[in-house]
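Below is one structure; the comments refer to it alone.
Nothing in this text is a laboratory measurement; each read-out follows from the coordinates by a stated rule. Keep in mind that this is a model prediction, so the values were computed, not measured. Glycine gets a Cβ as well: all are built from the backbone with ideal geometry, and neighbour counts include every protein chain shown.
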Amino acid sequence: MGFIVILILFGILLLLAEILLVPGVGVAGVLGLLSLIGSCVYAFNVFGMATGTIVVAVNVILVVGLTVYVLRAKTWRKFTLDTNIESRALPDNDQVLAVGDTGRTTTRLAPVGRARFRTGEYEVKALEGMIAPGIDVEVALIEDNKVIVKPVEKDF
C-alpha cells in the first residue's frame with residue numbers, strides 16, 4: 001500500500017512541477033501521468049477490484065483538485081511580477097545634454113556608470129576604458145539616447 005501512496009505523491013509532484021516550473025507538454029507531465037496510472041494498475045493487480053477503484057477515485061479527485069487550484073486567479077498572482085520600471089535613459093524635461101557639456105562621474109564607468117551634469121544625473125558610457133569616480137568628464141557623443149563621455153583634458 002505504501003508503494004501506491006508513493007506513486008500517487010510522485011505523480012502529483014511531477015504534475016505540479018510541469019504546470020508551475022516547466023510549462024508545456026514535457027517529460028515531467030508525462031512521467032506524472034504514468035506514475036498515477038501505474039498506481040492504479042498496481043492497486044488493481046495486487047489488491048483487487050475494491051482497492052483499485054478507491055485508488056482511481058483518489059487519483060481523479062487529486063487531479064481535479066489540482067486543476068481547480070491552478071486555474072484560480074489567486075494562484076497565478078503569486079507567480080507574477082508586480083513591479084513597474086519607472087526609469088528612463090534621459091529625463092523628459094527640456095534640459096537635455098549636448099555634446100561638449102561637462103560633468104563629474106559619481107560612479108566608476110566600467111564602461112557604464114553614472115555622472116552628474118548641470119541638468120541632473122545620467123547613466124553614461126565611457127568612450128574608452130574605465131573612468132574612476134570623481135573625474136571630470138565631457139560629453140563626446142549622444143546617439144540613441146546613450147550618452148558617451150570622455151575624461152576632460154586639462155590644459156596646464
Matching residues in segment 128-156 - criterion: being in contact (Cβ under 8 Å) with a residue 12 or more places away in the chain, assigned to a strand (DSSP E or B), under 16 Å from LEU97 (Cβ atoms) and not aliphatic (A, V, I, L, M): ASP136, GLU138, LYS146, LYS150
Residues of segment 1-21 satisfying the condition of being free of Cβ contacts under 8 Å to residues at least 40 places away in the same chain and among the aliphatic types (A, V, I, L, M): VAL5, ILE6, LEU7, LEU9, LEU13, LEU14, ALA17, LEU21
Looking across segment 52-62 at residues that are crowded, with 16+ Cβ neighbours inside 10 Å and either touching a residue at least 40 places away in the same chain (Cβ under 8 Å) or polar (S, T, N, Q) (or both), the single one that is nearest to ILE4 (Cα to Cα) is VAL55
Between GLY38, GLY65, GLY11, which is part of a helix (DSSP H, G or I), surrounded by 13 or more Cβ atoms within 10 Å (Cβ to Cβ) and under 30 Å from the mean Cα position of the chain (by Cα)? GLY11
